[in-house]
1. Helix-only mean residue ellipticity at 222 nm, the chain, DSSP H runs n ≥ 4 weighted -39,500 (n - 2.57), per residue, nearest 500. What is it?
2. What ranking do ASP51, ASP205, ASP157 get, fewest neighbouring Cβ atoms within 10 angstrom at the top?
3. Return GLU105, GLU8 ranked ascending by Cβ neighbour count within 10 Å, so the fewest neighbours appear first.
4. Taking only the alpha-carbon positions of the stretch 20-100 and ignoring solvent, what does the Debye formula give for the base-10 log of I(q)/I(0) at q = 0.14, 0.18, 0.20 Å⁻¹?
5. What number does the chain give for Rg over Rh if you use C-alpha atoms and the Kirkwood radius?
6. Which ³J(HN,Hα) values in Hz, rounded to whole numbers, follow from the phi angles of the stretch 201-217 under the Karplus curve 6.51 cos²θ - 1.76 cosθ + 1.60, where θ = phi - 60° and Gly and Pro get x?
7. To the nearest 20 Debye, how big is the dipole of the chain about its Cα centre, given +1 on the beta carbon of each Lys and Arg and -1 on that of each Asp and Glu?
8. What's the magnitude of the charge dipole for the stretch 19-136 around its Cα centre, counting Lys and Arg as +1 and Asp and Glu as -1 at the beta-carbon? Answer in Debye, nearest 20.
Amino acid sequence: MNLTSASELIYDAILTLAYPQVCVICGQSVEQRRCGVACEECWKGIRIFTDEEEICWKCGVPGPACGRCESLAFTAARAAGMYEGALRESLLLLKRKPYLPRHVESLLVAAVGREPLNSTTRVVPVPLHPKRLKTRGFNQATIVAQVVSKALKLPLDEVSLVRVSTTEKYRAGLDAKGRRDTVAGAFHVVHPRLVAGENILLVDDVYTTGATVSACAEVLVEAGARKVFVFTVARA
Ligand SMILES: [Zn+2]
Ligand SMILES: [Zn+2]
């Protein structure tokens, strides 16, 4: 972990004594608040994307061009890391608490600073349905989008894209097409003027099949967006 100030280290030491925080993965004590729910060692154990590895340029899956993502409506999708271990636990917690540990924030900042995401002009979080937003109290995608928009110095747009149907829910056993059908028509652009001509950076917590972000990208492009790039914290 880099650049931890002395005062922060002292504060963390006091905090560890007062409220020992146990790593959700290995059970060792977490010495630094910036690591969140997992210890430094467990953070080292997860796969974080760099510029080095081979990925499918469009959907970002590790390996060569996957040949399965052609029908998806976005231009390209990238993630900070794989949905596993410490990153997975941090995202599960993000569904309950509107908070990202500093270490995750720094992973996000590094990932969105790279090609092709750094050419975007406007940040749009994948919206929750108003009903779901009311029960949860916050949109986890917005928490991620706040970090991203600040890092890239881009406007954060929470108003243009809305979710008009609640039918989207992960259902085990559905194939890719079945999942696409459940989200088709779930999103709507209410302020086309705000997205027209923009290179949108669409932000969500996890990329699974790409069906949700593709449904969002489709309506954004129909509303006049030039391109839609996708950024998620993790890739399943
Ligand atoms: Zn650990
Ligand atoms: Zn692909």
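All of the numbers you see were taken from the coordinates with simple rules; none came from a lab. In this text the structure is predicted, and so the values were computed from the model without any measurement. Every residue, glycine as well, gets a Cβ built from its backbone with ideal geometry; the counts of neighbours run over all protein chains shown.
1. Helices in the chain give a 222 nm mean residue ellipticity of -10000 deg cm²/dmol.
2. Details: ASP51 8, ASP205 22, ASP157 19.
Ordered from fewest to most neighbouring Cβ atoms within 10 Å, ASP51, ASP205, ASP157 come out as ASP51, ASP157, ASP205.
3. Sorted ascending by nearby Cβ count, the order is GLU8, GLU105.
4. Calculated log10 I(q)/I(0) at the listed q: -0.59, -0.81, -0.90.
5. 0.98
6. 9, 8, 10, 9, 7, 10, 9, 10, 9, x, 4, 5, 5, 5, 5, 5, 4
7. Values: 30 positive and 24 negative charges, 168 e Å.
Approximately 800 debye in magnitude.
8. The calculated dipole for the stretch 19-136 is roughly 920 debye.
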